[in-house]
Structures are given as C-alpha cells and as structure tokens.
Amino acid sequence: MTGQRMAFLVASVGGIGFFAMSVVVLGVWPGRELDGETRRMAPEHALPFTASELRGRDVYSREGCAYCHTQQVRWLERDVKRFGKPTLAWETRFDFPHLWGTRRIGPDLQREGVVRSDDWQLAHLFAPRTVVPDSVMPDFPWLFEGAADRPSQEAKDLLAYLKALGKARELAGAEGEAKVNMADMEGMGDFHSGPLNASAAAARRATAHPAIPEGTADKRALEIYAHNCAGCHGAKGEGDGPAAKALAPHPANLAGHEYTPDRIAQTLWNGVAGAAMPAWRDLPVADLSALIAVVRKLETPSAEPAPPQQIVDLGKQVYDANCSQCHGENGSGDGPAGKEISMLPANFTTGRPGVAESLRVLREGIEGTPMGPWNRRLSEAELSAVAYYVRSFYRQAR
Amino acid sequence: MEERREHLVESELVYAHSLAAVVMLFVAAGFGFLAATELVVPDVAGGSQFMSWGRLRYDHTQGILFGWLGNAFLASLYHMVPVMTGRRVTSLSLGRLLFGIWNFLIVIPGWILVLNGISQPLEWAEFPVVVDVFVMIAVVFAIIQFLPGFFRQGMENMYVSAWYIVGGLVFTAFSYPMGNFLPQYVPGARGAAFSGLWIHDAVGLFITPLALSIIYFVIPASTRRPIYSHFLSMLGFWLLFFLYPLNGTHHYVFSVIPMTAQKGAILASGLLGVDVLIVVTNLVLSMRGSGWFPRDLALRFVGTGTILYLIVSIQGSLQAQMDLNAAIHFSDWVVGHAHLAMLGFATFAAAGGLVHAWRHVPFARFNRGVMEMAYWFLLAGVALMFTDLTAAGIVEAGIWGSAAPWLESVRAAKPYWALRMAAGIPLLMGFLIMLAAMLTGDRPAVRSEDLQA
C-alpha cells in the first residue's frame, strides 16, 4: 500500500508539476519580461481608452472583428511592409482582454487609426461592398439608424475605437521610437516601415510620387476601375457610386473634370488627405497606369466656347476677391488661407471642372469642407463668370 | 477489458448524452456552414445581427467543443469508466444534473447569448464568463462522477485510458480558468501569453486525452487483444502531459512575447510530433490484422481517428517551425489544420467511442449499414475540407508575401471558400445519417453481429 501511495504521490506531483511549469515558463515569466519592456519603452504619459473607445471596443469584441482582423503586427518584414511598425508590449497594456487574433481574412488593424477617414469607416461598416466591391466583410446595419451617415451611438463608439488603434504609438513619435531598445527585443528583426498603404491622413500635403505613365483604358483597366473605384465614384465616374451619399466630401465627379495624368497619378499614389479617398500605392504600377487612362476616358469635357472678355474680367474680379485666399492667385490651390484647412483646396491648374460641375459646386458648396455655397453672396452673372474663369487656369504654369 | 461489466453502465446517461451530442453536432456544424456560406455570399444573412459572421463563428467552435465533443466524451465516459473500474459511477442523480448543466446551462444558453452579442472575444473561450462558471461547476461534477472509482481501484491497476481520463479531467479544471477568466484581468500581450496556453491546452489537455482514452479503450474492446505495449502507452501519456502544455506560445510566433518562450514552445511542438509518433505506432500495432477499414465501426472510426491524429500532429510540429509559420500563420492553412484536428482526429475518435457505447445501450436502436454510410460521408467531407483549406492557405501566404494589395488574397481565396462551403454538405448529411443510424435498426437483443464484431 505504501508503494502505491508513493506512486500516486509521484504521479500527482509530476503531472501537476508539468502543468505548473508550463504556466510559469510560458505565462508568468513572459508576463514579467513584458512588464519590464512596458516600463522601459512606454511613453511618460499613459493614453488609456476613453469611455467611448471602451464601448466601441466592446462592440468590436462582440461582433467577432478579431476573428478576421488581427491587432498584432509581427516582427517580420512581410508584416511591417503592409501594416507598419511591429506591435510593442506597452501598446497592448489597456487591452482587457487582448484582441490579437490568429486569423487574417481582412488586414491587420493595429495601425488602422491613422489610415482611413471617418466617413469611409462608417460607410464601410454600414455596407462594406459599397466602398470595397470585392470585400466579404459582414455589414453591420444594426449599428446605424437606416443609413451610413446616421450612425447610432454604438457605431460612433466603434469608430472612436478604430481611430484609437495605433494612436498612442503615433503620438509617442520619434521620442517614443527612440525608447525601443532592440537589445531588449532578443532575436527580433529591426524593421522600419514607410508610409502605410491606403493612408491618406499620414500623407497629408504629400505630392511626391513616382512617375506613372498613362496606360490604355482597355477591358482589364475598366475591370480594375470597377473593382476598386466604382463603389464611390460610380460606374460612369459621376461621383455617384453606392457609397457616395455617405461620404463627405462626396467622391469626385470624375466625368465632370479634366485632370492632367500627373494629377491623377499623384492622387492615386497619395490619396486625398481630408477626404475618404485612400492612397492606392499598394496597387501594381501597371494597374495605376491603367486607372489613369480610365479616369481620363471618363471625362466628358464639353467643348466650351471661349467666353467674351467682359465675362473673363468679371470672373477674375470675383475670383480675386473671394476665391484666391484659398485656391491661390493662379488657381493652384495654394492660397494662404488654404494651408490650415483639412483638405487641400482644389487645384485648377491640374484639374479643370466642366462649367456645369463648377456651377453646381458654387451653388451647393462641398459638404465636409470649408467650401460653402456662394449663391447667396454672388449674383447669377458672377457665379457664371467665375465658373468660366477657373477653367482658364488649367495646365498653366504655377 | 474485464468481462461483462456492461450492466454497471448507466445506459440512460449514455443514451441522453449520445443523442444530445449528435443533434448539437449538426447544429454547431450548421453555424459553421452558415459562416462558410457568408464568405461566399456575404449578404446572405440580410443584415441580421443574429446571423452575422462573427457571432456564428463563435457559436460554431464553442458548439463543437461543448455540444458535440463534450457530450460525446461524457457518453463514452459513462460506458468506459464502469467497465474499467468494475464500479458504477458516483451517482445517477449527479449524472442527470450534469447532463442538465452541460446542455441547458452551458451549450444552449451559450449559443443564445453569443447570438445576442454577449460573449468574450477569446479563442476557444467565446461563451461569456457567466457560462464559464457553469463549465467549471460541470468539470468538477465530472471529476466527482468519474474519478473516485479509479482511485479506489488503485493506481497499479490503472489502464492507460484511465490515466488519460484522470489527466484530461483534472487538467481541464486547471487550464480552463486560465484561458477563460485570466485574460479579463491580465491585459494585452501578457494576457495573450495565457490565452495561447489555453488555446493549446483546450486541445491538448481536454480533447486529446479524452479522445485517446476512447481510442485506447475501443481498440482492445473490439479486437479482444491487449494493447501492443503498455510501456509505450505510458511513455506516450507522460510525454504528452509534459509537452502539450508547453506548446501554447506557438500561436504567437514573431510576436512581442519573449523570443525564448516562443522558441521553447516551438521546440516542444517539434518534440510533440515525436511523442505522437510513439503513441500512434503503439495504437496501429495494437490494431494490426484488423485491416484499414475494420468491419467493427467503432474500431473503424477510432482507427481513422488515429491516422488523422498522426497527420495533424506532424503538420502541427512543422507549422510551428519559424520559416513555415511566418508564411502560413493567419491563413486558411491553420483553419484546415484546426478542422483536421477537431473534425478529423477528435470527431472520429469521439464517434468511435459513441458508437461503441451506444451499441451497449439495451434499449437503443442501431443501424450498422446506415452508420457505415455516415462514416464515408464524414471521411469525404473532412478530406475535402482539409485539402481545400490547406491549398487556400498556401495561395494566401504567397500573396501576402508579395507586394500585391491585401484584397488580392481575398479575391484569390473565393473559389476555395466556395469549395469549403460545398465540403460542408457531405458533412451535414453525414451527421444527419449518424443520427438516423441511432434511431433506426434493431435493439441489441435482436442484433448480434456488431456487439461481437
């Protein structure tokens, strides 16, 4: 009997010992290390979630977002190139419970906060395929009151949470990055990430882009447009795609404008800061070339007769008095007042609106930007004159 | 096994848990099928929050874990434990209470709460914390129900199945709170370290030991020959309980969790493959002479489960290695792996135990021909599902490693997702056929062939 008792004791202690060892070696000890890393690398001031962000996090949890989107950029070049800086321990310290995830059907969201505009996020949550035609993401209409631009509190909270993803790291800035001691990150690669794909906000004011030749608007090019652009800009480029209504400013009316190939390349590469237009620099250059051709083909420029001189003079007078502060003296969108607003004012030297489009904008303004309606301040003759006048800047040297 | 101890079995509980298991298997797989369909036709749910992908996904795996495997294991335990110990289980009333808790306080409310948005976003722990409390109670009840007989009988007489049952139940009681409660209090990366442990412990300390206890039980019961080597059995058992818990961190390779822990877990994952090779060699040698497709369906199910166990474990050892993990982690490859483990190894082992126990229930009908049909449907379904998802994973990994936009991987996966959805059809049919096999045919008094097979 003693032998049996001994065996029982040894087996129990052994078995429990194995389990205890696993918890210590893979749970408790790594936890202590991660605590140490957090203390050494975290910024001075904690940035915990706000009440709204926490509620949004609950929505994110309950809808299973973490089962298609990770929040964990691995220390691998292939992750860093796509999703930005690898996740540090301190970035996750307010996550009860963690939302790392182990499956990616959609992209990682660790740095999502700075990537997309608010209206894009809401339109995408309400009906993902309106903005991303090939997406398989579920729609979440129960977070809205019937339309993408009428979010319920839950959708607002979820948006707040999405915008918080990666915010602390962003705010930590260069000073924060300097605290990342690679000696602490044993065996991890030291990767640096460039600008994030799709990130327009991070590319604010950026105009640099590689030379992208104009391709041909063949069948394949039209398919690329249909799969990537038509959701917002509409099948014919009239800015009336299924997502258009939910976005402020509305997507550009490509059919109502002439654009220089370089302007299109710049916009595709950098996106439009302050609007829902993402950067498309992750598309192959051949696809971007094809899209330039498609956008140029969508234009339906009406051959406008040159206006009489007196109209031109009136247009210039109105423009100089009312528009040049933002749009610049020579229409290149670089007026002194334009520097401080979220979205760059229209640059008429690289994009020429048709008269009808111009008049529409002058009468209605552009929702979501400081461009207001001018029909109460200007007479019909003045509106018409300035609509013609802005067309004259196109392809003019700045 | 000892002769004729079947009269000690509480057949009522075998019957109830078996039926609940197969019905819940169908429902849980139905959640999976709906989720798979939504990847192919995303708008099929019509914007209903109760049918949205995330919630279905939670209910799918929790349903398989608790509804199907939990009930099937309990059904098998009610047969195996009295036969091994020569004693009745602790209490019939406790059994009825456990059945009620398991099904009416865990699985069904868990499903309903998840669909209504009350859950926790932790893998293999998606039922809300309130349900987890009842799981803990149920596990303790199961320990009280099944283990005293083994302890009374004495350790030197314990067969390897008994070791696995004791280990499985006791360590589930330890590891369950670690995965289900701890991450609510330990944040971020630190919590993830524990979460990773539980993800692997759910498989390694709950499902695998109980599935192996069934395989080790059914083989000698069916072949009427002792297991090939008791030494290899026990070596496999101790290595398994040593190595399995050390695997957890391999779910977070290249994460911020200390590299030493990651590498240790990867090493343990490699060694685990060696251990499984030992276990499977012993099991296959014990089945020698029975053929690849034995006439005894319980033996056929556990035999197939054994082979799938080998494949999934070797695959697991390989995919934990850093180079392969860097590429295929986060892809459908892992989903294929999970299906091979749960739908292949665990489901075939559980079905073997269930068939074996069911055939001894004096008042239960059993239709061998129909059950054989279910076997083929299940085998075809899991083979198609696994092959398809593995291929999808390789395609996704290739695109992720290139400069192509993310959406390319979604577009490329769509045909594979369609085929995966199609693979669900033979599976759902197979589960229904399984149920039909248990509701038609003769009762044991009339049957002779399958009991003495």
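Each reported figure results from applying straightforward, stated rules to the coordinates on display, with no laboratory input. Predicted model only: the values in this text are computed from it and were never measured. Cβ: placed from backbone, ideal geometry, glycine included. Neighbour counts: every protein chain shown.
When a footprinting reagent is the concern and you count Cβ atoms within 10 Å, what order do A:Met21, B:Met434, A:Met41 take, fewest first?
A:Met21, A:Met41, B:Met434
Find, to one decimal place in angstroms, the Kirkwood hydrodynamic radius of region B:265-418, where the mean of 1/r is taken over every pair of different Cα atoms and then inverted.
Kirkwood radius, region B:265-418: 17.2 Å.
Going down the table (A:Lys163/A:Lys236; A:Lys245/A:Lys297; A:Lys156/A:Lys236; A:Lys156/A:Lys339; A:Lys85/A:Lys163; A:Lys179/B:Lys263), which pairs top 27 Å between alpha carbons?
In this structure, A:Lys163/A:Lys236; A:Lys156/A:Lys236; A:Lys156/A:Lys339 exceed 27 Å between Cα atoms.
Based on the alpha-carbon gyration tensor of region B:281-366, what equivalent-ellipsoid semi-axes (square roots of 5 times the eigenvalues) come out, in whole Å, largest first?
Each semi-axis is the square root of five times an eigenvalue, giving 32, 16, 8 Å.
Just tell me the longest site-free run in chain B, where the sites are GluC sites (Glu not before Pro) in a DSSP loop having at most 13 other beta-carbon atoms within 10 Å.
Here the longest run is B:4-448.
Convert 4 °C to kelvin, take the viscosity as 1.567 mPa s, use the Kirkwood radius over C-alpha pairs of region A:251-328 as Rh, and evaluate the Stokes-Einstein diffusion coefficient in µm²/s, rounded to a whole number.
87 µm²/s
Once you have a ≥ b ≥ c as the square roots of the Cα gyration tensor eigenvalues for region B:348-453, tell me rounded if a/c is under 1.5, and otherwise prolate or oblate according to whether a/b is larger than b/c.
Prolate is the answer for region B:348-453, as a/c is 1.5 or above and a/b outweighs b/c.
How do A:Thr267, B:Thr440 line up, fewest other C-beta atoms within 10 Å first?
Fewest to most other Cβ atoms nearby, the residues stand as B:Thr440, A:Thr267.
List the longest stretch of chain B that has no exposed loop site; here a site is one of the trypsin sites (Lys or Arg not before Pro) assigned by DSSP to anything other than H, G, I, E or B, with at most 11 other Cβ within 10 Å.
B:5-223
Whose amide H sits under 5 Å from the amide H of A:Phe144, counting only residues 5 or more places off or on another chain, with H placed in the peptide plane?
A:Ser152
Report, as an integer, the average count of C-beta atoms from other chains found within 10 Å of each Cβ along A:56-66.
Mean partner-chain Cβ count within 10 Å for A:56-66: 5.
Of the GluC sites (Glu not before Pro) in region A:263-351, which ones lie in a loop per DSSP and count no more than 15 other C-beta atoms within 10 Å?
Within region A:263-351, the qualifying GluC sites (Glu not before Pro) (loop, at most 15 other Cβ atoms within 10 Å) are A:Glu299, A:Glu329.
Any idea what the relative contact order of chain B is, in percent, if you count C-alpha pairs under 8 Å spaced at least 6 apart?
That works out to 16 percent.
Amide H of A:Glu258: which non-local residues (sequence gap of 5 or more, or other chain) have their own amide H closer than 5 Å, using H built in the peptide plane?
For A:Glu258, whose amide H was placed from the backbone, the distant partners under 5 Å are A:Arg352, A:Gly354.
Inside 10 Å of the C-beta atoms of A:70-76, what's the mean count of C-beta atoms belonging to other chains?
5
Against the empirical 2.2 N^0.38 Å scaling, what ratio does the C-alpha Rg of region B:1-69 come to?
For region B:1-69, the normalised Cα radius of gyration comes out at 1.60.
Kirkwood hydrodynamic radius, the protein assembly as shown, all distinct C-alpha pairs: what's the number in Å?
About 29.6 Å, per the Kirkwood formula over Cα pairs.
Using θ = phi - 60° and the Karplus curve 6.51 cos²θ - 1.76 cosθ + 1.60, what whole-Hz ³J(HN,Hα) does each residue of region A:43-59 get, with Gly and Pro shown as x?
x, 4, 9, 5, 10, x, 5, 7, 4, 5, 4, 5, 5, x, 5, 5, 5
Quick one: what are the phi-derived ³J(HN,Hα) couplings along region B:394-409, Karplus 6.51/-1.76/1.60 with θ = phi - 60°, whole Hz, x for glycine and proline?
5, 5, 4, 4, x, 5, 5, x, 9, 8, 4, x, 4, 4, 4, 5
May I ask for the distance between the Cα centers of region B:127-168 and region B:55-107, given as a whole number of Å?
Between the Cα centre of region B:127-168 and that of region B:55-107, the gap is 11 Å.
How many Cβ atoms of partner chains, on average, are near each residue of A:11-19 if near means within 10 Å of its Cβ?
6
Using alpha carbons only, how many angstrom separate the centre of region A:218-257 from the centre of region B:223-261?
About 55 Å separates the Cα centre of region A:218-257 from the one of region B:223-261.
Could you tell me whether region A:294-342 comes out rounded, prolate or oblate from its Cα gyration tensor? Rule is a ≥ b ≥ c as square roots of the eigenvalues, rounded for a/c under 1.5, then prolate if a/b exceeds b/c, otherwise oblate.
Judged from the Cα gyration tensor, region A:294-342 comes out oblate (a/c at least 1.5, b/c at or above a/b).
Just to confirm the number: angle between the C-alpha axis of helix B:11-40 and the first principal axis of chain B, 0 to 90 degrees, nearest 10?
20 degrees
Taking a quarter of the surface of the Cα convex hull of region B:1-153, what do you get in nm²?
Quarter of the Cα hull surface area: 9.6 nm².
Jot down the radius of gyration and Dmax of region B:348-405, Cα atoms only, both in angstrom.
19.4, 63
Report the dimensions of chain A along its three principal axes from the alpha-carbon atoms, largest first, rounded to Å.
Dimensions of chain A along the principal axes of its Cα atoms: 115, 41, 40 Å.
So how do A:232-241, A:288-297, A:215-224, A:360-369 stack up, highest first, on mean other-Cβ count within 10 Å?
Per-residue Cβ counts within 10 Å, averaged per peptide and sorted highest first, yield A:288-297, A:232-241, A:360-369, A:215-224.
Where the convex hull is taken over the Cα atoms of region A:1-85, what is its projected area averaged over directions, in nm²?
Approximately 10.6 nm², given one-decimal rounding.
So what is the relative contact order of region B:363-422, in percent, for Cα pairs below 8 Å that sit 6 or more residues apart?
35 percent
Taking neighbour Cβ counts within 10 Å as the exposure measure, how do B:Phe431, B:Phe377, B:Phe366, B:Phe151 sort from fewest upward?
Ordered by Cβ neighbours within 10 Å, fewest first: B:Phe151, B:Phe377, B:Phe366, B:Phe431.
On average over all directions, what projected area in square nanometres does region B:93-145 have, based on the convex hull of its Cα atoms?
Projected area, direction-averaged: 3.4 nm².
Please list, in order along region B:193-205, the HN-Hα scalar couplings obtained from phi with the Karplus expression 6.51 cos²θ - 1.76 cosθ + 1.60 (θ = phi - 60°), rounded to whole Hz, x for Gly and Pro.
Each residue of region B:193-205 in turn: 4, 6, 4, x, 4, 5, 3, 7, 5, 4, 6, x, 10 Hz.
Run the dipole for region B:376-453 about the Cα centre, Lys and Arg Cβ at +1, Asp and Glu Cβ at -1, nothing else charged, and hand back the magnitude in debye, nearest 20.
160 debye
Kindly provide the helix-only [θ] at 222 nm of the protein assembly as shown, computed as the sum of -39,500 (n - 2.57) over DSSP H runs of four or more divided by all residues, to the nearest 500 deg cm²/dmol?
Helix-only estimate at 222 nm: -18000 deg cm²/dmol.
How far apart, in nm, are the 7 Å Cα→Cβ label points at B:Leu439 and A:Gln309?
9.5 nm
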